[in-house]
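Just so you know, all these numbers are worked out from the coordinates, no wet-lab data involved. Not measured: the values here are computed from a predicted model. For neighbour counting, all protein chains shown are included, and Cβ atoms are generated from backbone atoms with ideal geometry for every residue, glycine included.
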Amino acid sequence: MIDKTDNEQVQTIGTIDLFDFDPIHKRAGVGILIACEKNRKKGYASDALDVLIKYSFRILQLHQLYCNITEDNTDSLNLFQSKGFKLIGTKRDWLVFPKGKKDEFMFQLINKEN
C-alpha cells in the first residue's frame, strides 16, 4: 500500500505491487495506482517505485522488472521512463474500450548488477 501522513493521520492513497513473480528467471511485473486524482503528480508514485525497484533488485535479487502501459497513459509512461524502464515492444489494438482500441506498450528495466 502507498500511504501518506498528514498531521499524524495515515491515509492509504494507492497501491504498488509485483505480479507474475518468477524467482527462477528472476523477474516480475510491476503495477502501480494512485487512486484519487488529487494525490497524483505529487511524487508518491515515484517514491514508491524507487523503493520497489531497490527492494526487487537488492533483497529479492531479481534481474528484471517489466510493466505494461496503455498508449494514452502519459503520466505512467513518463514515470517508468524516468526510472530507466525501456520500451521493448508494442501490443497493437491490445485493449478494447467503448470508444475504440488502444495499444499497450511493454517496458523493461534490467538490473545490470545481477
Next item on the list: Compute the semi-axes of the equivalent ellipsoid of the chain, taking the square root of 5 times each eigenvalue of the Cα gyration tensor, and list them largest first in whole Å.
Entry: 23, 22, 11
Next item on the list: May I ask for the distance between the Cα centers of the range 1-55 and the range 65-114, given as a whole number of Å?
Entry: 17 Å
Notebook entry, point to check: Cα-based count: Lys pairs in the chain below 22 Å, eight or more positions apart or different chains?
Noted result: 24
Next item on the list: Would you mind counting up the charge near ASN111? Only other residues with Cβ under 10 Å from its Cβ, with Lys and Arg at +1 and Asp and Glu at -1.
Entry: +3
Check: Counting other C-beta atoms within 10 Å, which of CYS36, CYS67 has the fewest, and how do the rest follow?
Finding: CYS36, CYS67
Item checked: 5 angstrom amide H check on PHE21, placed H, neighbours 5+ away -> GLY29
Next item on the list: Report the charge-dipole magnitude of the range 2-110 in Debye, nearest 20, computed about the Cα centre from +1 at each Lys and Arg Cβ and -1 at each Asp and Glu Cβ.
Entry: 280 debye
Next item on the list: Would you work out if the range 30-78 is rounded, prolate or oblate? Take a ≥ b ≥ c from the square roots of the eigenvalues of the alpha-carbon gyration tensor; rounded if a/c is under 1.5, else prolate when a/b is larger than b/c, oblate otherwise.
Entry: oblate
Check: From the backbone phi of the range 11-17, what are the Karplus-calculated ³J(HN,Hα) couplings (6.51 cos²θ - 1.76 cosθ + 1.60, θ = phi - 60°) in whole Hz, Gly and Pro given as x?
Finding: 10, 6, 10, x, 9, 9, 8
